[in-house]
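Structure first, commentary second.
The values are calculated or read from the model by the stated rules, or taken from the named source; none is laboratory data. It should be emphasised that the depicted structure is a prediction, and the values quoted were computed from it without experimental measurement. In this analysis, Cβ positions are derived from the backbone assuming ideal geometry, glycine residues included, and neighbour counts consider all displayed protein chains. Ligands, DNA and RNA are stripped out before the accessible areas are found, and what is left, the full protein with its side chains, is counted by its heavy atoms. Shrake-Rupley method; radii C 1.70, N 1.55, O 1.52, S 1.80 Å.
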Amino acid sequence: VLAMGLGVVSAGIALMLSASMLRIALPSEVATAQIVRNTTEWRSSALPMALTEGMRVFQAHLSVLMLGALSTVSMVGLFRVASSMAVLIAFPLSLFTVVSASVIARLHAQKDHERLQRLLSWLSLGMTAATFALSLPFFIAGRPLLGLTFGHEFEGSNPVLLVLCLSNILSGFFGTNAVLLNMTGHHVRVMRASWISLGVICVACPLQVLTLGAIGA
């Protein structure tokens, strides 16, 4: 409860600071600009994006739930440690995605496809390089690093972490594909792909967990 309360307080402070910074950065013309609303189009875009985000969050926890149901508690512990570290390693993916979204939308609106292609190439390169750099210490000395951070009993989570590191590097190699589709009016395709991905996980994950344990998850 305390952690949740602190999370709410910190989110509130971040909101107030960001709103204040936005108000300072906005040009004065904004106050007199004519308001343009396209509620129907916004709603038709918001629903697929909301469903996609919901499926993304569900997918992130589905492996843990299936591992808990089909394997041992120790396997769940190893997987949770590995996945927690993988989230930190994947931070550049989220950072590049958030920063690039508005730029992608602007270049698409301007029909500047050459600069958009160049931007996407650099984003892919940056995401791959950043995730590889953060993963490298665990490829070299993952077991002692995990033992030093979480305790020696969690050194066995390193093979799982290496699989997750490889997936982050591969994701970085393919770049900001979902954001590109969302920002260029193809959000329904992203939602459809998310449904397919969720279905594949529901079918493949139990089989993988039963045969390979935490690495399968």
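Table for the structure above
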{"quantity": "Pairs where the first residue, in the range 106-126, is farther than 24 Å from ALA90 by Cβ and of a type in the set (Lys, Arg) and the second is part of a helix (DSSP H, G or I) and open to solvent by less than 40 Å² (accessible area, probe 1.4 Å), C-beta under 9 Å, 6+ apart", "calculated": "ARG115/LEU107"}
{"quantity": "Some residue of the range 160-170 being in contact with a Ser or Thr (Cβ under 9 Å, 6 or more places away or on another chain), among the β-branched types (Val, Ile, Thr) and modelled with pLDDT under 90", "calculated": "no"}
{"quantity": "Residues being open to solvent by 60 Å² or more (accessible area, probe 1.4 Å) and not in a helix (DSSP H, G or I) - total across the range 70-113", "calculated": "3"}
{"quantity": "Answer from LEU47, LEU51, LEU67, LEU116 - the residue that is in a helix (DSSP H, G or I), at pLDDT 90 or above and surrounded by 10 or more Cβ atoms within 10 Å (Cβ to Cβ)", "calculated": "LEU116"}
{"quantity": "The range 1-44, residues that are β-branched (Val, Ile, Thr) and either open to solvent by 100 Å² or more (accessible area, probe 1.4 Å) or touching a strand residue (DSSP E or B) at 6+ places or on another chain (Cβ under 9 Å) (or both)", "calculated": "VAL1, VAL8, ILE24, THR32, ILE35, VAL36, THR40"}
{"quantity": "Matching residues, the range 174-205, being within 15 Å of the chain's Cα centre (by Cα) and either outside any helix (DSSP H, G or I) or free of Cβ contacts under 8 Å to residues at least 24 places away in the same chain (or both)", "calculated": "GLY175, THR176, ASN177"}
{"quantity": "Candidates LEU125, LEU107, LEU78, LEU146 - the one that is within 22 Å of ILE169 (Cβ to Cβ) and at pLDDT 90 or above", "calculated": "LEU125"}
{"quantity": "Enumeration of residues in the range 97-122 that are charged (D, E, K, R) and within 13 Å of THR184 (Cα to Cα)", "calculated": "ARG106, LYS111, ASP112"}
